[in-house]
Amino acid sequence: MNKGRHMASSGHAMESCGKVPASPVDLVHLERQTMGDRQLQSEVLNLLAEQARSTSLRVGSASPEERAAMAHGLKGAARGVGAFALADCADALEREPEVEQHRKRLEQAVAEFLNFLLRWEQQP
């Protein structure tokens, strides 16, 4: 995995969060991580979807410490499957959990990822 591209300074995540990527998931990265196994891709994307939904539902009422912890977990899971825009938004919230704009952007990134997943699952 090319971690260097995604392990940039805090400014990188905050700058890239909120920008609309061509796709919420880097399908080339996902393909490499799963060795092309469509069933495995579906499993890992759906696991991330569950975590993303849970985080999105709980983050609004969470303390800054809880927000940072939830964002940290989501960031790692998202990067693992190639959902880099979602990971960048989680990273921004992890670094500055009290910034409400980061929470809103994370929730938007979660919605975009979930919409992508619905479309992706309908493809043969």
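None of the figures in this text is laboratory data; all of them are computed from the coordinates on show. Computed from a predicted model, the values in this text were never measured in an experiment. We place every Cβ from the backbone using ideal geometry, glycine too, and count neighbours over all the protein chains shown.
Taking a spot 7 Å from the Cα of GLN39 along the direction of its beta carbon, which residues of region 80-97 have an amide N less than 19 Å from it?
In region 80-97, the label zone of GLN39 (backbone N under 19 Å from the point 7 Å along Cα→Cβ) covers no residue.
What residues qualify as long-range amide H neighbours of ALA83, i.e. H under 5 Å apart, gap of 5 or more or another chain, H built at 1.01 Å from N?
HN-HN under 5 Å from ALA83: ASP26.
Compute the angle between helix 84-95 and the longest alpha-carbon principal axis of the chain, please, reported from 0 to 90 degrees and rounded to the nearest 10.
20
How large is the charge dipole for region 9-111, taken about the Cα centre, if only the Cβ atoms of Lys, Arg (+1) and Asp, Glu (-1) carry charge, to the nearest 20 debye?
140
Provide the packing ranking of 114-120, 32-38, 86-92, 66-72, i.e. peptides ordered by the mean count of other C-beta atoms within 10 Å per residue, highest first.
Put in order of decreasing packing, that is 86-92, 66-72, 114-120, 32-38.
Compute the relative contact order of the chain as a whole-number percentage, counting only Cα pairs closer than 8 Å that sit 6 or more residues apart in sequence. Display every interim value, and only then the final one.
On the way: 139 pairs, mean separation 42.3, N = 124.
Taking the mean separation of contacting Cα pairs over the length of the chain, I get 34 percent.
Put +1 on the Cβ of every Lys and Arg and -1 on every Asp and Glu Cβ in the chain; which of CYS17, HIS102, LEU27 then has its Cα farthest towards the positive end of the dipole?
Checked the options; the winner is LEU27.
SER61 versus GLU98, label points 7 Å from Cα toward the beta carbon: distance in nm?
2.3
Take the chain, connect every pair of alpha-carbon atoms lying under 10 Å apart with a spring to form a Gaussian network, then pick out the residue of GLY80, GLY18, GLY60 with the largest mean-square fluctuation.
GLY60
Can you compute the helix-only [θ] at 222 nm over the chain? Use -39500 (n - 2.57) per DSSP H run of at least 4 residues, normalise by all residues, nearest 500 deg cm²/dmol.
-24000 deg cm²/dmol
Region 23-121: D in µm²/s via Stokes-Einstein (Kirkwood Rh, Cα pairs, 10 °C, 1.306 mPa s)?
Answer, rounded: 120 µm²/s.
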